[in-house]
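Structure first, commentary second.
The values are calculated or read from the model by the stated rules, or taken from the named source; none is laboratory data. None of these values were measured; they are calculated from a predicted model. Note that each Cβ is placed from the backbone with ideal geometry, even for glycine, and that neighbours are counted across all protein chains shown.
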Amino acid sequence: MPTTRSFTSSYSGEAIRSYILKSLIGGETLSTNGISIRTGVKYKEVIKKLSSSGVVQEGGCDFTPAGTITITENVLEPKKIKINEQICFEDVYQLWDSENMADGMNNEEMPAELVDAVLGEFTNQSAKEIEEAIWQGDATGSTGTIKDLFDGYIKQLGDSGDTVDVAGVALTDSNIVTELNKVYTALPAGVRKKGAAGLVYFVSYKTAALYRQNLAAQGDNDTANEPVLRFYGIELRETGGMPDDAIVFGARDNFYFATDLLSDWSEIRMLDQREVDGSDYINFVLKAKADVKIGFFAEVVLYN
């Protein structure tokens, strides 16, 4: 289906050289020190999981094998994702920017301000969409978006019988600390031993705002105004893809994201079709891959 282009303008002279981009959120899960990011995955990559039980026993003279060793796998299989959009030179004539296109039909160039704005908007949109897919993806869905390509963390956790489930309620600024404590207590002790730096709460922006309000109500404005929120020293990572009233808690290295090249998500190519097929279009193209998996479900708390 061709790009639907809608340009509204009162063009009659000169314009201040700027575009206002819609405020979007996205990319928080994949930012520095968020989760385990696997790059260079062209087709598939295996997460090998090893666990044991009953291997320690009373000593004696005989060699007596005991216990079990279990090796299982999760497979990361990134799905192709793309942006294909286009703008026609004819569309730009009606905009204030048209005076910056250079004279002569064969010399025209897309105005730099417009190009920067379009690239910025597409980059923001790709970050928002992948953030939502990471958490809300459902391969059985029918949204018509990339959320249908693979199961996100919430779906995987909900489907697994090993996940540590904590029944959730509607979160408020008065109950948020009580509910965070429920989640904290439910985490297996062995995982908590990884220390605050190795653990992370994933929450929505709304949930984080409720926690800030709670802190402020207690008079702890210094903590409430910190750019990074913490609970018992553990980061509360605000993510645009997390549903409101849901919390996911576990070790950072237990959450996997696979792609080919991470910079693919911010590389949008602008292709001038005048030199290709003689049309007056500029094509914008982004190509990337993505999939997510969780290592050990029994080491993750889902509050939902």
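Here are D280, D244, D253, D291: which of them is among the acidic types (D, E) and modelled with pLDDT under 90? Before you say what the answer is, go through the steps one by one.
Details: D244 fails: modelled with pLDDT under 90; D253 fails: modelled with pLDDT under 90; D291 fails: modelled with pLDDT under 90.
Just a single option satisfies the conditions, and that option is D280.
Just checking, which of L236, L215 is among the hydrophobic types (A, V, I, L, M, F, W, C), in a strand (DSSP E or B) and out of contact with any Cys (no Cβ under 9 Å at 6 or more places or on another chain)? Talk me through it step by step, then tell me what you get.
On the way: L215 fails: in a strand (DSSP E or B).
L236 is the lone residue from the list that is among the hydrophobic types (A, V, I, L, M, F, W, C), in a strand (DSSP E or B) and out of contact with any Cys (no Cβ under 9 Å at 6 or more places or on another chain).
Within segment 169-176, can one find any residue that is closer than 17 Å to G250 by Cβ and either touching a Phe, Trp or Tyr at 6+ places or on another chain (Cβ under 8 Å) or of a type in the set (G, A, S) (or both)? Talk me through it step by step, then tell me what you get.
Let us first name the residues in segment 169-176 that are closer than 17 Å to G250 by Cβ, namely none.
Checking segment 169-176: not a single residue is closer than 17 Å to G250 by Cβ and either touching a Phe, Trp or Tyr at 6+ places or on another chain (Cβ under 8 Å) or of a type in the set (G, A, S) (or both).
Yes or no, residue by residue, for (1) over 25 Å from the mean Cα position of the chain (by Cα); (2) under 20 Å from T178 (Cβ atoms); (3) touching a residue at least 60 places away in the same chain (Cβ under 8 Å):
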| position | (1), (2), (3) |
| --- | --- |
| A224 | no, yes, no |
| P243 | no, yes, yes |
| V248 | no, yes, yes |
| F257 | no, no, yes |
| R269 | no, no, no |
| L286 | no, no, yes |
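Take the residues in segment 111-167 that are polar (S, T, N, Q) and assigned to a helix (DSSP H, G or I); name whichever of them is surrounded by the most Cβ atoms within 10 Å (Cβ to Cβ). Lay out the reasoning, then the answer.
Filtering segment 111-167 down to residues polar (S, T, N, Q) leaves 123-126, 136, 140, 142-143, 145, 156, 160, 163.
Right, trim to assigned to a helix (DSSP H, G or I) and you get 123-126, 136, 156.
Numbers: T123: 20, N124: 18, Q125: 16, S126: 24, Q136: 20, Q156: 20.
It comes out as S126.
Which condition number in (1) at pLDDT 85 or above; (2) in contact with a helix residue (DSSP H, G or I) (Cβ under 9 Å, 6 or more places away or on another chain); (3) crowded, with 17+ Cβ neighbours inside 10 Å is the one that L95 fails?
(1)
Do you know which of the residues in segment 264-304 that are out of contact with any helix residue (DSSP H, G or I) (no Cβ under 8 Å at 6 or more places or on another chain) and within 30 Å of K194 (Cα to Cα) is surrounded by the most Cβ atoms within 10 Å (Cβ to Cβ)?
If we filter segment 264-304 for residues that are out of contact with any helix residue (DSSP H, G or I) (no Cβ under 8 Å at 6 or more places or on another chain), which is where we start, we get 264, 267, 269, 271-278, 285, 291, 298.
Among the residues that remain, those that are also within 30 Å of K194 (Cα to Cα) are: 291, 298.
Details: D291: 23, A298: 15.
Among those residues, the one meeting the criterion is D291.
Checking the conditions here, which among D165, D116, D148, D159 is of a type in the set (D, E) and closer than 19 Å to D245 by Cβ?
D165
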